[in-house]
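First up is the structure itself, then whatever we jot down about it.
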Amino acid sequence: MENSVTETKSHLANPQWGGRFAAGPAAIMADINASIGFDKRLWRQDIRGSLAHAAMLARVGLLTAEEETQIREGLHQIAVEIETGKFEFSTELEDIHMNIEARLSERIGEAGKRLHTARSRNDQVATDFRLWVRDAIDGTVAQVTALMNSLATRALEHAASPMPGFTHLQVAQPVTFGHHLLAYVEMLSRDRGRLLDARARLNESPLGSAALAGTSFPIDRRFTAHALGFDRPCANSLDAVSDRDFALEYLSALSLLAMHLSRLAEEIVIWCSSPFSFISLSDAFTSGSSIMPQKRNPDAAELVRAKVGRITGDFMGLLMVMKGLPLAYAKDTQEDKEPVFDATEAMTLSLAAMDGMIQDMTANNSRMRALAGTAFATATDLADWLVHVPRLPFRTAHHVTGRLVGMAEAKGCDLADLSLEEMQSVEPKIDSSVFAVLTVEASLASRTSEGGTAPENVHRCAQAWLERLDNAHE
């Protein structure tokens, strides 16, 4: 039986490799080695990098002005071909860099072959990938900012809308719905900050580091760095071509962001369930059942909740790829792009879906208000009153309140339904003014400490966030 691992004909050898390889690779080698199937996404960044590199080569005298013009016009024509779907990507040419360079040489001849002077695919791909991740960060930051704006807008709308606050998913104290939504604005602001921090750290240009040691040509790395919007060139050529920290840091930030979206998605699922019924979503973000006609399932939230596994899996996958690599470049790093592309797609969709759900949801204020005072939610307010008015030590006040909760529980009533006499049987210093603090509204209004749930606090904080986010767009 003929061996299935056969070598391709010599005429299929990659012409970009030059004379070192007389025969083409084995078929399986060709399959595992090619990355054009996924790295063609980098075509815009690759053309941007090549335009900057060509301009620099002309600036330092390594290209003539005519050659640089030919290259620039040829690359713009290739961009149009790719945009319009007329470009034929070749697996034999392995990657986006060789595909574009080969097509350029076809179009303009010798000038196209001069473009690769003073660079390697190692610094080329590192540059392209940084540019792609930087663009992805900018897009993600814009989406996070939009979601924060939607949450802050709904928080302002519900600054005074009571809802039960939970610990251990048990009713704890009353809060406002606006206060709850603003908690996610704070989480997302940290995510936004991490993404911007990652962007600042990645904004150094590898271009000009060549294969690993730099180049003997008199290039101007600062020119290409600034032309591509980088702050400066990478300081060490070995690090420049082998570093993928920027991709890992981006995926790490996405993983935390996905976790926050998953928490909010979980709450939306809970809030939509019939035992809670805190909110409802329209047909736009729900689906029905194939067998139960009454069902309205919060599928969009459930799918956002699930994306955290995919995104953190992408992060861990790339972390494992990089963990044992010696300097400088190794082909292992070809595995860096697919997890980043996948996580970015998942996050883009998740943020869009979450923003849509926040804008779409209808709050059931009466239901939330009805549950906000259940399960002795104002017990802490009673304990605080005992400290403020009869000036009991807090631990004593806590004990007294516990006994009163036990009494109310035994009677099957709320704290406010106990008579003054019943309360005084536990603590004689209690007077009738205690009843003023045992309402949900009184509880909310009293939480005026910075960051507390008092409606005036929530209103002020929501307004402040909306102003900050509006300024962020300018």
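Mind checking which of Ala306, His53, Ser216 is farthest towards the positive end of the chain's charge dipole, using Cβ charges of +1 (Lys, Arg) and -1 (Asp, Glu) about the Cα centre? Of Ala306, His53, Ser216, it is Ser216.
Relative to one another, the C-alpha centroids of the stretch 361-376 and the stretch 24-88 are positioned 59 Å apart. Take the Cα of Glu345, step 7 Å toward its Cβ, do the same at Arg44, and the gap between the two points is 1.7 nm. For the stretch 329-474, the normalised intensity computed at q = 0.09, 0.10 Å⁻¹ comes to -0.52, -0.59 (log10 of I(q)/I(0), Debye sum over alpha carbons, equal scatterers, no solvent).
Please find the FRET efficiency linking Ala416 to Arg395, where r is the Cβ-Cβ separation and R0 is fixed at 22 Å, and quote it to the nearest 0.05.
In this case the efficiency is close to 0.40.
A cut-off under 14 angstrom between Cβ atoms defines the neighbours of Arg391, and their net charge, with Lys, Arg +1 and Asp, Glu -1, is -1. Under a model in which nothing but the beta-carbon of Lys, Arg (+1) and Asp, Glu (-1) is charged, the stretch 49-176 shows a dipole of about 460 debye around its Cα centre.
Think of each Lys and Arg Cβ as +1 and each Asp and Glu Cβ as -1; about the Cα centre, that makes the dipole of the chain roughly 460 debye. If you count Lys pairs in the chain whose Cα atoms are under 27 Å apart, skipping same-chain pairs closer than 8 places in sequence, the total is 19.
Using heavy-atom solvent-accessible surface (probe 1.4 Å) with all chains present, what is the largest-first order of Leu303, Leu248, Leu42? Display every interim value, and only then the final one.
Details: Leu303 110, Leu248 25, Leu42 0 Å².
Descending accessible area places them as Leu303, Leu248, Leu42.
What's the angle, to the nearest 10 degrees (0 to 90), between helix 43-59's Cα axis and the longest principal axis of the chain? On a 0 to 90 degree scale, this one is about 50. Against the chain, whose longest principal axis is taken from its Cα atoms, helix 394-411 shows a tilt of about 70°.
The share of accessible area on the chain that comes from carbon and sulfur is 53 percent, using a 1.4 angstrom probe.
Modelled spin-label separation between Asp299 and Arg201, with each label point placed 7 Å from Cα along the Cα-to-Cβ direction: 3.9 nm. The label point for Thr167 and the one for Arg468, both projected 7 Å from the Cα toward the Cβ, are 2.6 nm apart. Using alpha carbons only, the radius of gyration of the stretch 255-376 set against its Kirkwood radius gives Rg/Rh = 1.16.
For the chain, DSSP calls about 85 percent of its internal beta bridges antiparallel.
Computed from point charges on the beta carbon alone (+1 for Lys and Arg, -1 for Asp and Glu), the dipole magnitude for the stretch 121-370 about its Cα centre is near 440 Debye.
Give the label of the value calculated from the structure for volume of the Cα convex hull per residue in Å³, choosing from (i) 227; (ii) 204; (iii) 132. Given (i) 227; (ii) 204; (iii) 132, the structure-derived one carries the label (i). Between Asp431 and Ser273, the FRET efficiency from the beta-carbon distance, with R0 = 60 Å, is close to 0.90.
Entry note, the chain: the mean residue ellipticity at 222 nm calculated from DSSP H runs of n ≥ 4, each adding -39500 (n - 2.57), is -19500 deg cm²/dmol after division by the residues and rounding to the nearest 500.
When ligands, DNA and RNA are left out and all protein chains stay put, how many square angstrom of accessible area per residue does the chain have with a 1.4 Å probe? Working shown, then result.
On the way: 22470 Å² over 474 residues.
Per residue, the chain has 47 Å² of solvent-accessible surface.
Can you tell me how the stretch 121-370 classifies by the Cα gyration tensor, rounded, prolate or oblate, using a/c under 1.5 as the rounded cut?
Here the stretch 121-370 falls in the prolate category.
Computed from the Cβ-Cβ distance with R0 of 51 Å, the FRET efficiency linking Thr153 to Ala235 stands at 0.70. For the chain, the longest principal axis of the alpha carbon atoms and the long axis of helix 299-322 meet at an angle near 50°.
The values are calculated or read from the model by the stated rules, or taken from the named source; none is laboratory data. Being a predicted model, the structure only gives us computed values, none of them experimental. Neighbour counts run over all protein chains shown; Cβ positions are idealised from the backbone, glycine included. Just the protein is used for accessible areas: all its heavy atoms, side chains included, with ligands, DNA and RNA removed. Shrake-Rupley method; radii C 1.70, N 1.55, O 1.52, S 1.80 Å.
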